[in-house]
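Single-structure report; data block below.
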Amino acid sequence: MHKGTGWFTINGKPEFIFSGEIHYFRIPRDQWVDRLNKAKLAGLNTVASYIPWGLHEPEEGRFEFRGESHPELDVMEFIRLTQEHGLWFIPRIGPMSQGEMINEGLPEWLLRDYPEAFNRPRGGHVLHHQGSPAYATKVFREKTRTWYDQVLPLLVPLQHPQGNMPVFQLCNEIGCINWVGKKPDHSPEAEQMYREFMLQRYGSLKAINSAYGMDLSAEIDLVQPGIDSTREHFQRWLDWGDFYRHYYADYYAYLAQIARKHGVTTHLIANIPQFYDFDVRGRGLYSPVTTLMFSEFGKKTQGVIFGGAYQMRRLDYENFHDILLTTEHVKSVSGDGLPAICAELQTGVLSDKPKLYPSDVELNLKTSLSSGLNGINCYMFAGGVNFRGLGQFGPYHEWQAPVDSAGKLRPHYEPLRRFGRLIENFGSVIAPLPKRCDLTLGFYGDHFKTAYLNGDLPDELYGNRNKFYFDGLVRLLSMAGYSYNAIDLCEPVPDSITHLAVSSFCFMSTQAQQHLLHFVRRGGHLLLAGELLFEDSTLLQGLGIRACKVQS
């Protein structure tokens, strides 16, 4: 795959990746060919699957990749069959898989024998919650290295151009379990990393004390603040949010270094958790929060491609614009010239409610394509059955997949097949098409550093984001037919941007306001929506605007 084009180029030809998730370990081996035939019939050019660590190392030190104890674990044969069928294969090698698996796909022995590798409250008991990893700990990283040392030598010879693997996904939805449960890493390694990060940022403990209104006497006393925030000295929690961007980027860089050492030369994928279920609809209300947690990856790992996870359940007026916005947030953290994908596009739903109809899947596919993505992986494409107590939700992993666990086609297989014909005939034309934007959305990154936080101000930020940003400015622009990209106002506004729409509320740094002021003074057109009164009124004063609060 060539670099720097902004799309996938394979064998000298632009390609739109149209992939389907097929879990070989959930489908009887003698039915693998049937599922791959159905993938080809649907027009897929790629198949993706987790390679779960917990299944392939059931006991510490005992690895199996060729079906030694169970025929469905012969992953090497499954990959060979994908190549035989003319399909690309995307390996998703963990260590975390999620995938509705017990322990998120991690080995049972890891949780049992190495509890220090998982998050725990300060001074309290271990909180397993399906395995919430402490990514910074020495033991978690050492055991992960051992896993990579076994699986990568088998896969590297199969990477493109020698084989049919154009990219590798390292880990999955990094931090998802931690954020959902608000379980930051308080391991000794993470606390030391935090101290080093803060001292590098502020230069000295004295400067930190001054900024936070504290009186710490020794560096060892500098610890992470915890999830309960206060309005006073809120900068402490904003810095903490920046620390976790650094923390996750450091973890991913560790994985990437192992992969490169073993000879992986393709691009690497990082899959971002984004949509959250609200009854019959999924919303992307947290997508900027989680996406920005990945914003430092590219500084430590070159060529990393970001993949969103779009699980909309029912897509309609309520949430269609979340796909458009989420795609642009993914692109905003991507490196120049790198494609953006949806690593898990909903073509099924975990339970049977809401029931998916063909029109739902067709709308999901076309909206995602029109948002400017360069690849889509349909999750799931084929259902299956769990074994060895693998599944969190019982023996079946149907997921309302278009191909059910028995191999029968559901009605929403047909829109996949129609979309597949489109990609087969015009994929090489669609792939390099640039997205034309009428304007740019400017968001202020500090408004989204709330992944771990409780408190009045995080709650206020959440409400204002939803009111002014998602279901205010963004929905109105989308309904009016405007096309947009997105930038973080913590960085200068590029000179190429002429029209900028900003959703503003609560607070904004002097530096970010100066970026906006410079944009206007050079002739840019600025639309401000939301709250315009900041404690620091650099922008308003610079524009000659006098503001006052009106008592209601």
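The values are calculated or read from the model by the stated rules, or taken from the named source; none is laboratory data. Here the structure is a predicted model, which is why all the values come from computation and not from measurement. Positions of Cβ are generated from backbone atoms using ideal geometry, with glycine treated the same way; all protein chains shown enter the neighbour counts. These area figures cover heavy atoms from the full protein model, side chains too; ligands, DNA and RNA do not enter into them. Shrake-Rupley method; radii C 1.70, N 1.55, O 1.52, S 1.80 Å.
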Next item on the list: Please work out how much accessible surface SER204 shows to a 1.4 Å probe, ignoring ligands, DNA and RNA, in Å² rounded to 10.
Entry: 50 Å²
Check: If you plug each phi of the stretch 158-173 into the Karplus form 6.51 cos²θ - 1.76 cosθ + 1.60 with θ = phi - 60°, what whole-Hz ³J(HN,Hα) values come out, in order, with x for Gly and Pro?
Finding: 9, 6, 5, x, 5, x, 10, 10, x, 8, 10, 9, 9, 6, 8, 6
Next item on the list: Before rounding to the nearest 500, sum -39500 (n - 2.57) across all DSSP H runs of length at least 4 in the chain and divide by the residue total; then give [θ] at 222 nm in deg cm²/dmol.
Entry: -10000 deg cm²/dmol
Notebook entry, point to check: Under 5 Å between amide H atoms, partner at least 5 residues away or on a different chain: which partners does CYS378 have, H built in plane at 1.01 Å?
Noted result: SER19, GLY20, GLU21, LEU345
Next item on the list: May I ask what percent, to the nearest 5, of DSSP beta bridges between residues of the chain are antiparallel?
Entry: 20 percent
Note to self: What distance in nm lies between label points placed 7 Å from Cα along the C-beta direction at ASP277 and VAL223?
What the structure shows: 3.6 nm
Checklist line | Cβ-Cβ FRET estimate between LYS355 and GLN31, R0 fixed at 25 Å, reported to 0.05 | finding: 0.50
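Can you quote the Å³ per residue value for the convex hull of the Cα atoms in the stretch 473-535, rounded to an integer? If you can, show how the numbers build up before the last one.
Values: hull volume 5.5 nm³, N = 63.
Taking the convex hull of the Cα positions in the stretch 473-535, it is 88 Å³ per residue.
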Margin query: Can you list residues from other chains, or at least 5 along the same chain, whose modelled amide H is less than 5 Å from the amide H of PHE8?
Written below: GLU15
Next item on the list: Once you have a ≥ b ≥ c as the square roots of the Cα gyration tensor eigenvalues for the stretch 176-299, tell me rounded if a/c is under 1.5, and otherwise prolate or oblate according to whether a/b is larger than b/c.
Entry: oblate
Note to self: Need one number: nm distance between label points at TYR114 and LYS182, each 7 Å from Cα along Cα→Cβ, rounded to one decimal.
What the structure shows: 3.0 nm
Notebook entry, point to check: For THR230 and TYR317, what does the FRET efficiency come to when R0 = 35 Å and r is the distance between their Cβ atoms, rounded to the nearest 0.05?
Noted result: 0.40
Check: What are the ³J(HN,Hα) values, in whole Hz, obtained from phi via the Karplus relation 6.51 cos²θ - 1.76 cosθ + 1.60 with θ = phi - 60°, for each residue of the stretch 304-317 in sequence order, with x given for Gly and Pro?
Finding: 7, 9, 9, x, x, 10, 9, 10, 8, 6, 9, 9, 7, 3
Check: Arranged from highest to lowest average of other beta-carbon atoms within 10 Å per residue, in what order do the peptides 95-101, 540-546, 416-422 appear?
Finding: 95-101, 416-422, 540-546
Check: Top to bottom by accessible area (1.4 Å), largest first, where do LYS206, LYS355, LYS138 land?
Finding: LYS206, LYS138, LYS355
Checklist line | Relative contact order for the stretch 48-183, counting Cα pairs under 8 Å that sit 6 or more residues apart, in percent | finding: 28 percent
Next item on the list: Could you rank THR265, THR327 by how accessible they are, 1.4 Å probe, largest area first?
Entry: THR265, THR327
Check: Once amide H atoms are placed 1.01 Å from N in the peptide plane, what residues at a sequence separation of 5 or more from PHE505, or on another chain, have their amide H within under 5 Å of its amide H?
Finding: GLU531
Margin query: For the chain, what does the relative contact order come out to in percent, with C-alpha contacts under 8 Å and a separation of six or more?
Written below: 15 percent
Checklist line | Efficiency of FRET between ASP438 and GLN200 - r from beta-carbon atoms, R0 41 angstrom, step 0.05 | finding: 0.50
Next item on the list: Provide Rg and Dmax in Å for the chain, with only Cα atoms included in the calculation.
Entry: 23.7, 75
Notebook entry, point to check: What accessible area, in Å² to the nearest ten, does a 1.4 Å probe give for VAL429?
Noted result: 90 Å²
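Sort 228-235, 175-182, 13-20, 361-368 by packing, meaning the average of other beta carbons within 10 Å per residue, with the highest value first. Kindly include the intermediate steps, with their values, before the conclusion.
On the way: 228-235: 13.6, 175-182: 18.9, 13-20: 23.4, 361-368: 20.9.
Listed from highest to lowest mean packing, they are 13-20, 361-368, 175-182, 228-235.
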